[in-house]
Structures are given as structure tokens and as C-alpha cells.
Amino acid sequence: EDQVTQSPEALRLQEGESSSLNCSYTVSGLRGLFWYRQDPGKGPEFLFTLYSAGEEKEKERLKATLTKKESFLHITAPKPEDSATYLCAVKGAAGNKLTFGGGTRVLVKP
Amino acid sequence: DTAVSQTPKYLVTQMGNDKSIKCEQNLGHDTMYWYKQDSKKFLKIMFSYNNKELIINETVPNRFSPKSPDKAHLNLHINSLELGDSAVYFCASTHRGSEAFFGQGTRLTVV
């Protein structure tokens, strides 16, 4: 069974203080690792898909990287508007579904 | 021009009632899903339909019954609601295994 663990559960940052979120996973036949952002009262919003170890993707202040066992979401010089819950999910070879981690709640204070 | 829309956004009902949540996507996607997000924010797959055919049916009480009248719609009917059914239910859609697009969620509260 696919499993995803995210750490830390919560992260408080000062504006401009860079940090990284971790997503550890076990999956049979990775068909994609996905990062989403979720704001309170809203649905998850897609950020990135990574398919193979060594792959990296960037969007504004966010950069996602992937190894064979984990993925990192790096937040560089965050701003208060980056405050959200960041969700990691994997899709394995077994089925057409996403298995999510518990998320990391990020709060960026001005 | 919302991509994945769910109704209602909020639903408060008494134990034992039957209720439905509706979902529509205008993205032309071929696969739709229902996910449940509990109080600890874990998102778990419940059902998946591909071209109106049920392809994923996780361990969900049979009080929950999905229905897909066409590729663009996936509804969720819940019978005999229980307190433990309180959660946020998300509809999502994908096309050929691409990233999933989620609706805004339906917050169900059973009292």
C-alpha cells in the first residue's frame, strides 16, 4: 500500500526566512509525485508534478525536488501570502488514485 | 468558468437523514473522484469513475453511493447519516492520469 508522510506538521516562518518541507513516500511503481497548496476553506490547488529521481521544478518562490524516497518543497524568501497547507501525494502503478500525506501548515509572519 | 464545482458548499443535517452532494466539471476530463478530508486534514480517496464506469471503490460504508450520469458529473448520495460522516468532501477530476483538479469542497456537519 502506498504511504506518504510529511514533516513537519506545522512551520512558522518570518517573512524572508527560507525553509524546506519534507515528503517521504513508499510506493509501488511511482507514476508521479504531486504537490498541492490548500488555503482554508478551499480545495487543493495543483503546484507541481515530479516523475523521476533528480527532477526539479520551480514556480516563483517554490522549488520541488525528488529522490527515490522523498521529495522536498523549498520555499525561498517566503511572503505572508505563501501561508497555506502544503500537501504531497503520490500515484502508484497499482491504481489511478492519489495517496496524500497529512500536509504541512505553513505560517509566514510579516 | 469554474473548472470543478460542487454543491452545496455547506450542509448541516441531522443523524439518520439522507443527503446528496453534486459535482460537475467543465474541463472535458475523463475521470472523476470523491475524496474525504477528515478533521486532521487527511485526504482519502473514496470513489473514482472513468467515463461513467466505477473503477475505484475504497473501503467505504455502503451507505455512500456514487452516481455518474455522464462524464462531466459525479454525485454522492449518503443514506442514514452518522455523526462520523462529518467531514469535508472534495470532488476532483483528471484526464489521462494528469494532475487532479479539485472542487471547493462540501463541508458536511451531522448533528
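With chain A as the region, which strands (runs of 3 or more DSSP E) entirely inside it contain at least 2 residues that are touching a strand residue (DSSP E or B) at 6+ places or on another chain (Cβ under 7 Å) and surrounded by 14 or more Cβ atoms within 10 Å (Cβ to Cβ)?
Once the strands (runs of 3 or more DSSP E) in chain A are filtered for at least 2 residues that are touching a strand residue (DSSP E or B) at 6+ places or on another chain (Cβ under 7 Å) and surrounded by 14 or more Cβ atoms within 10 Å (Cβ to Cβ), what remains is A:3-7, A:10-14, A:19-26, A:32-38, A:45-50, A:62-66, A:70-75, A:84-91, A:104-109.
Which one is farthest from the other protein chains (Cβ to nearest Cβ), of the residues in segment B:46-74 that are closer than 12 Å to B:TYR89 by Cβ, out of contact with any Leu (no Cβ under 6 Å at 6 or more places or on another chain) and buried (at least 19 other Cβ atoms within 10 Å of the Cβ)?
My answer is B:LEU74.
Quick one: how many residues across segment B:80-94 are over 13 Å from the mean Cα position of the chain (by Cα) and within 11 Å of chain A (Cβ to nearest Cβ)?
1
Select from segment A:28-39 the residues that are of a type outside the set (Lys, Arg) and at pLDDT below 95 and list them in ascending order.
Answer for segment A:28-39, where residues must be of a type outside the set (Lys, Arg) and at pLDDT below 95: A:SER28, A:GLY29, A:LEU30, A:GLY32.
Of a type in the set (A, V, I, L, M, F, W, C) and in contact with a helix residue (DSSP H, G or I) (Cβ under 8 Å, 6 or more places away or on another chain): which single residue out of B:ILE56, B:ILE45, B:ILE78 fits that description?
B:ILE78
Inspect segment A:16-25 for any residue being more than 21 Å from B:SER39 (Cα to Cα) and in contact with a Gly (Cβ under 7 Å, 6 or more places away or on another chain) and give the result as yes or no.
No, there is no match, as no residue in segment A:16-25 is more than 21 Å from B:SER39 (Cα to Cα) and in contact with a Gly (Cβ under 7 Å, 6 or more places away or on another chain).
Please list, ordered by residue number, the strands (runs of 3 or more DSSP E) wholly in segment B:53-111 having 1 or more residues that are more than 16 Å from B:TYR35 (Cβ to Cβ). It would help to see each step written out before you state the result.
On the way: elements: B:53-57, B:64-70, B:73-78, B:87-94, B:106-110.
Filter on segment B:53-111 gives B:53-57, B:64-70, B:73-78, B:106-110.
Within segment B:95-111, take every residue that is aliphatic (A, V, I, L, M) and surrounded by 17 or more Cβ atoms within 10 Å (Cβ to Cβ) and give me the one that is nearest to the other protein chains (Cβ to nearest Cβ).
Among residues in segment B:95-111 that are aliphatic (A, V, I, L, M) and surrounded by 17 or more Cβ atoms within 10 Å (Cβ to Cβ), the one nearest to the other protein chains (Cβ to nearest Cβ) is B:ALA100.
I'd like the residue in segment B:34-45 that is facing another protein chain (nearest Cβ under 7 Å) and not in a loop (DSSP other than H, G, I, E, B) and, out of all such residues, is nearest to A:LYS91 (Cα to Cα).
Only one residue tops the list, namely B:ILE45.
Could you list, in sequence order, the residues of segment A:63-95 that are within 13 Å of chain B (Cβ to nearest Cβ) and more than 15 Å from A:TYR51 (Cα to Cα)?
A:ALA84, A:THR85, A:TYR86, A:LEU87, A:ALA94, A:GLY95
Check segment B:16-24 and report whether any residue there is surrounded by 17 or more Cβ atoms within 10 Å (Cβ to Cβ), within 14 Å of another protein chain (Cβ to nearest Cβ) and in contact with a Gly (Cβ under 7 Å, 6 or more places away or on another chain).
Taking every residue of segment B:16-24 in turn, at least one turns out to be surrounded by 17 or more Cβ atoms within 10 Å (Cβ to Cβ), within 14 Å of another protein chain (Cβ to nearest Cβ) and in contact with a Gly (Cβ under 7 Å, 6 or more places away or on another chain).
Return yes or no: is B:LEU27 within 22 Å of A:LYS42 (Cβ to Cβ), more than 10 Å from chain A (Cβ to nearest Cβ) and not in a strand (DSSP E or B)?
yes
The values are calculated or read from the model by the stated rules, or taken from the named source; none is laboratory data. Because the structure is predicted, anything quoted here is derived from the model rather than measured. For neighbour counting, all protein chains shown are included, and Cβ atoms are generated from backbone atoms with ideal geometry for every residue, glycine included.
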